[in-house]
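A quick write-up on the structure given underneath.
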Amino acid sequence: MKRTIPFEKYEATGNDFIILDFFEFEWIDLNDTNLIKKMCDRHFGIGADGLIALCSEPGMDFKMNYFNSDGNPSSFCGNGSRASVRYMQSKQGKNNFSFAAFDGMHESYVKDQLVSVKMKDINEFETTPEGKLIQSGSPHLIREVINPWDFDVNEQGRALRKKFDPEGVNVNFIEIVGEVLRIATYERGVESETLACGTGVTASAYYVALKANSNGPFKLGIESKGGPLEVQMDIVGLNATNIWLSGPANKVFSGFYRLH
């Protein structure tokens, strides 16, 4: 007999995710890479950049287990966490949450339809022949280009990602336009360009802050193909603390997925 499982689909500035609620029942085996990959497939499944399983966590509101669309568990996903917070708000009716993720505990809140998540501190970067490499919960390579929205993100991103195999790296193509950062990101695990990447814009904002020799509070508006984001942080030397990623996140639809 075929069994169906409930899911909800959320997006955060175009980054889209399948959310499974594991609070009362573990609907699937999270070690089943092929199943997760199939669910995320845009032709034969629900279609998503990743899958998120939310469950209880002692001392916090929830735990976020994140998987890329290739079916493998991944490091922290900034937009995935914002989608998770929006989902939890819809279930619990409150606006402030603490949650556990791959890289530890995070704080978050919802205000005026925007979801904000506190990111981990950043205090260093690595200079490579390919560009600056910054760890913002996930590893991100930063490359400045002219008009990243007209750039061949998939071809160039794939080539640069492979230079950091076997783990790979996310690649951000950015352009500083006045006081705004325009960005396009190639994500490992998805192995394609995505409409936005939360940890990518965070790493890129840190790069811009250092390039501008910022000291003290720093705020940057981001233009991604999926919509606007904002990053705020406090900068002292190379140290970025009190980092907040903010932007919209919304439910797209819900349904039942048939397990074969």
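Structural remarks
- Checking each residue in region 51-69 for being under 20 Å from LYS94 (Cα atoms), in contact with a helix residue (DSSP H, G or I) (Cβ under 7 Å, 6 or more places away or on another chain) and not aromatic (Phe, Trp, Tyr) picks out LEU54, ASP61, MET64.
- Screening region 1-52 for residues that are aliphatic (A, V, I, L, M) and more than 25 Å from THR199 (Cα to Cα) and picking the one that is farthest from the chain's Cα centre (by Cα) gives MET1.
- For region 77-96, taking the residues that are surrounded by 22 or more Cβ atoms within 10 Å (Cβ to Cβ) and touching a helix residue (DSSP H, G or I) at 6+ places or on another chain (Cβ under 8 Å), the one that is nearest to GLU167 (Cα to Cα) is identified as CYS77.
- Residue in region 157-185 that is farthest from CYS77 (Cα to Cα), counting only those that are in a strand (DSSP E or B) and among the charged types (D, E, K, R): GLU175
- Residue satisfying condition, being at pLDDT below 95 and either crowded, with 18+ Cβ neighbours inside 10 Å or of a type in the set (A, V, I, L, M, F, W, C) (or both), within set GLY189, GLY178, GLY157, GLY200: GLY189
- Pairs meeting the criteria (first residue in region 13-29 and on the phi > 0 side of the Ramachandran plot and in the same structural domain as ASP41 (by TED's automatic domain parsing), second residue among the polar types (S, T, N, Q) and buried (at least 16 other Cβ atoms within 10 Å of the Cβ), beta carbons under 8 Å, at least 6 apart or on different chains) are THR13/ASN79; THR13/SER224; GLY14/THR194; GLY14/SER224.
The values are calculated or read from the model by the stated rules, or taken from the named source; none is laboratory data. Since we're looking at a predicted model, the values are computed, not measured. Cβ sites come from the backbone with ideal geometry, for glycine too, and all protein chains shown count toward neighbours.
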